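What follows is one structure encoded as structure tokens, with my remarks underneath.
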Amino acid sequence: MELSPTVATEQVPTEINIKKTTRRPLIHVFTGFRALACLWVFILHSGIYSSYEMVKFQIEWIGFAGEAGVAVFFCLSGFVMVWTYGDCEFKSTKCYWSFIGRRAARLFPLYYFALLLSIYNIRCVWSKEETCSTEHWIFIISTLFSIQTWIPYNFPFSSWNIVIWSVQTEWFFYLAFPFLLRLIRYLLNTTQISLLLHSDHKKNALTRLYVLWLLVLCISSSFLVIRLVLHDDLTIPILDRQSEIIYYSPFTRIPEFILGILTGIIFMLNSSSDNSTQATDTTHLLPSNDQQGYIEVESSINSKRYLANYNYHYLIFDIYFILQIVFFVIIYSPFLYHDWIVTPYRHIIGFGPIISIIVCINLYFSAKFPLSLTSRLLTTSLLINMGEISYAFYCLVEALPLVFLLISGMKEQSMIMKFFAGIGIAVFARHYIEIPFYTWANKKLTKCQCIH
């Protein structure tokens, strides 16, 4: 049963009510953010596992703030979900499961491929030298069903592919998204986010969104406080500490996802229909038969246009982004590296309200200011291409060394080898696993009606 809006909210131009399924354009800068986040996590793990190059040049510390990269994924996912599906009605059960089917087709082919390549982590199943305890079997079965992080228990052994937990948490977010979206729209007195753009209640809706944003931030803060006050034995490995349940659990990480949703709606309401997708301005397409001279002239014109449009808003955002890099890489990472095992305060930045605020500001203003240097950097072809394979790279880059270890009995310690091997298998998996499965599901599943 659809939640009913106020009558005034539905008084919009007739063209908005035409029921046709369309999609908002991609915000390309977010693809760049995905690239940065997955590389950040990769550098963190390379430092933790003492990769050869990092030890040689004594830079193991450089990525130790990479825990925050997971928060980038969660907030970004919420923003993108509401940007793409914010006007989907989700009236019927069929529509809900159609949405879930598409999300499953996006997540699970690579998820199970990564688990298959990581079978070294579950040697007790197939090796005669080790036996599986009851805890092992619960862990393995719950991982296969993608619900292991939903269980409030920290299993005392290494994970089955160290990064795969976040996919399980993300899966919970996808299952909850239609219900969260309907709840938020109910609180905003509307059935579609786009209706508020032409409503007299737009200002009131924004006020409610700001209040909701602060409320969710307070909930996120409470989880951080709980994590800080838990008294763990700091002498045992980090992954064996019970406080890590709070870090992995979808119930404690969902505020980051919701903050991303709310930030996306605020962005949509604060942007006019003409400039809400300015990210497309950063892409300049030229005909394939243009000569080099024409390209140089066009490039010169675009550069002059860019300089003419660059203003102090862009400058402030660029400075803000540079300061973040300085803080996380030069200040915070060395601090974490020296006290990683014993300090309980590593959670303050990498988990909860502070990183959520930082990420949501980045998402909002990078989408709002596509001509800033930051947004232009994030939409370079190198980062866009990396962003497109980021999910495959994220899942598989830590799986390949396990395959090498299983076959040769030796552990691959080279960060460079892992990186290029990860790029190679990510490109393969993107084109021959991820896209084919999603394309097939998209053809087979019923389409939900989304009006933009």
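The values are calculated or read from the model by the stated rules, or taken from the named source; none is laboratory data. These figures come from a predicted structure and were not determined experimentally. Cβ coordinates were reconstructed from backbone atoms using ideal geometry, including for glycine residues, and neighbour counts include every protein chain displayed. The protein model used for the area step is the full one, side chains on, heavy atoms only, and it has no ligands, DNA or RNA in it. Shrake-Rupley method; radii C 1.70, N 1.55, O 1.52, S 1.80 Å.
Against the empirical 2.2 N^0.38 Å scaling, what ratio does the C-alpha Rg of the range 149-224 come to?
Numbers: Rg = 17.6 Å, N = 76, 2.2 N^0.38 = 11.4 Å.
My calculation over the Cα atoms of the range 149-224 gives 1.54.
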| query | Using r as the Cβ-Cβ distance of PHE57 and LYS94, and R0 as 56 Å, what FRET efficiency do you calculate, to the nearest 0.05? | reply | 0.50
| note | A correct Karplus calculation of ³J(HN,Hα) over the range 167-175, with 6.51 cos²θ - 1.76 cosθ + 1.60, θ = phi - 60°, whole Hz and x for Gly and Pro, returns 5, 5, 5, 5, 4, 4, 4, 5, 4
| message | Which of rounded, prolate or oblate describes the range 55-184 when judged by the alpha-carbon gyration tensor and an a/c cut-off of 1.5? | response | oblate
| said: With an 8 Å Cα cut-off and a minimum separation of 6 or more residues, compute the relative contact order for the range 374-452 in percent. | reply: 29 percent
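Roughly speaking, what is the stretch gain from MET410 to PHE179, that is 0.36 nm per residue apart minus the C-alpha to C-alpha distance, in nm to one decimal?
Once the chain is fully extended between MET410 and PHE179, it gains 78.4 nm.
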| What FRET efficiency would be calculated for the residue pair VAL125, ILE331, taking the C-beta separation as r and a Förster radius of 41 Å, to the nearest 0.05? | 0.40
| task | May I ask for the distance between the Cα centers of the range 343-382 and the range 86-160, given as a whole number of Å? | result | 29 Å
| Karplus couplings for the range 412-421 from phi (6.51 cos²θ - 1.76 cosθ + 1.60, θ = phi - 60°), rounded to Hz, Gly and Pro as x? | 6, 10, 8, 5, 5, 4, 4, 5, 6, 5
| note | Too long for a 20 Å Cα-Cα cut-off, among LYS368/LYS447; LYS94/LYS444; LYS94/LYS443; LYS91/LYS368; LYS91/LYS447; LYS56/LYS418, are LYS368/LYS447; LYS91/LYS368
| remark: Once LEU373, LEU400 are ranked on solvent-accessible area with the largest value leading and a 1.4 Å probe, the list reads LEU373, LEU400
